[in-house]
Structure formats: C-alpha cells, structure tokens
Amino acid sequence: MSLPHRTSRDITFRGFFIQKWTTVHPLLTSVHQDESQWEKPASFHPQHFLDRDGKFVKPDAFMPFSAGRRVCLGESLARMELFIFFVTLLQHFHFRPPAGVQEDRLDLTSCVGFTLGPAQHRLRAISRLTD
Ligand code: HEM
C-alpha cells in the first residue's frame, strides 16, 4: 500500500466520481502485480529487472516509493542505505539455506501486511573470508 490521502475537491478519476474529503488508499500492488506489466506478477523473479544482456533495468511499473507530488521524500536515502547494507552483507557473507534444505525448496511466498514482506527464514551466513 501507499499512504492514504484525502481528496481536497470533488473529482472524477477514470469515470469514478470521488467526493471532496474522501480518504483514498492507493494500492501499489495494483501496479506491482499487474499482469500486463510483469512476466510473473505473483513471484519473486529477479529477471524482471534484467534485460536480455543481464544488465539492470528499472521497469516503469516498479514504484515502491509511489509517484507524483507526494512521492516518498526519503527515496534517495533509502536507495543508498539499501545498496550499502546489501552490498556490504554480500561482500562479507554467502547466504545459504539451513543444512538439509535445498534452495529450491525455500518458500518465497510473501506475508501480506501494510507492506508485502518476505516470510521469516532461518539461513546460514558463511563468511567469505575463508574463500
Ligand atoms: C525502502 C524504504 C522506503 C519505502 C519503500 C518508502 C515508501 C514510501 C511510500 C510508498 C510513501 C507514500 C507516498 C505517497 O503518499 O504517495 C512514502 C512517503 C514518505 N516517505 Fe518513504 N519510504 C521508504 C523510506 C523512507 C525514508 C528512509 C524516509 C526518510 C528518511 C522516508 C520519508 C518519507 C516521507 C517524509 C513521506 C511522506 C511524503 C509526503 O507525504 O509528501 N521514507 N514513502
């Protein structure tokens, strides 16, 4: 979900009349799980973000920070933090499923909430210093 907003005037949006002071809850899932935009809209599928040559692409339909005038103010900070955290972790550790669990047996179904997060998993962080 995005954050709720209230309309400041009567408005007709895509044929729907919305009265002034109506609280609107934008659903980002309507874009992030849009079958016309994604090859596998209901799956964790990193290939959505790669072109044919394996290079990173950002699809227009990826908008976790929402869009428009009230887009997240912390977007650039959040992107920087996520990049630094993940790169640092991946530089220092290999992440593997617990002993006895095959990678393709991991359940990647997300947990529905205000945001769509991953389910809890136990995993092994193996130091790369021993490589
Ligand atoms: C991965 C991290 C984050 C995500 C996915 C995220 C996502 C969002 C979303 C979807 C909105 C609603 C936009 C709208 O109303 O249309 C929002 C608003 C906002 N976010 Fe973030 N956010 C993140 C991190 C941050 C951080 C780190 C900060 C500040 C340091 C921040 C500050 C704000 C503020 C101030 C708003 C309200 C903007 C407004 O109403 O004008 N966010 N964020």
Practice prompt. Might you check whether a residue that is open to solvent by 60 Å² or more (accessible area, probe 1.4 Å), in the same structural domain as residue 67 (by TED's automatic domain parsing) and of a type in the set (A, V, I, L, M) occurs anywhere in region 27-41?
Written response: yes
Worksheet, complete the sentence: Of (1) exposed (fewer than 12 other Cβ atoms within 10 Å of the Cβ); (2) of a type in the set (Gly, Ala, Ser); (3) within 16 Å of the ligand (Cβ to nearest atom); (4) in the same structural domain as residue 2 (by TED's automatic domain parsing), residue 117 satisfies every one except (4)
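Within region 45-58, which residues are within 16 Å of the ligand (Cβ to nearest atom) and surrounded by 10 or more Cβ atoms within 10 Å (Cβ to Cβ)?
To start, the set of residues in region 45-58 that are within 16 Å of the ligand (Cβ to nearest atom) comprises 49, 58.
Matches in region 45-58: 49 only.
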Discussion item. Anything in region 1-26 that is more than 14 Å from the ligand (Cβ to nearest atom) and closer than 25 Å to residue 113 by Cα? List them, or say none.
Written reply: 22
Practice prompt. Enumerate the pairs (first residue in region 78-104 and in the same structural domain as residue 128 (by TED's automatic domain parsing); second residue anywhere and surrounded by 10 or more Cβ atoms within 10 Å (Cβ to Cβ) and part of a loop (DSSP other than H, G, I, E, B)) with beta-carbon separation below 7 Å, excluding pairs fewer than 6 apart on the same chain, so at least 6 apart or on different chains.
Written response: 95/123; 96/123; 97/106; 97/123; 98/123; 103/97
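Checking the conditions here, which among 80, 63 is within 16 Å of the ligand (Cβ to nearest atom), in contact with a helix residue (DSSP H, G or I) (Cβ under 9 Å, 6 or more places away or on another chain), open to solvent by 50 Å² or more (accessible area, probe 1.4 Å) and of a type outside the set (Gly, Ala, Ser)? Before the answer, list the steps.
Working: 80 fails: in contact with a helix residue (DSSP H, G or I) (Cβ under 9 Å, 6 or more places away or on another chain).
Just a single option satisfies the conditions, and that option is 63.
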Fill in: Cβ-Cβ under 6 Å pairs, at least 6 apart or on other chains, region 1-23 side in contact (Cβ under 8 Å) with a residue 12 or more places away in the chain, far side among the basic types (Lys, Arg) and within 16 Å of the ligand (Cβ to nearest atom)
21/6; 23/6
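The values are calculated or read from the model by the stated rules, or taken from the named source; none is laboratory data. Quantities reported herein were computed from a predicted structural model and do not represent experimental measurements. For neighbour counting, all protein chains shown are included, and Cβ atoms are generated from backbone atoms with ideal geometry for every residue, glycine included. Quick note on the areas: whole protein, heavy atoms, side chains included, nothing else; ligands and nucleic acids left out. Shrake-Rupley method; radii C 1.70, N 1.55, O 1.52, S 1.80 Å.
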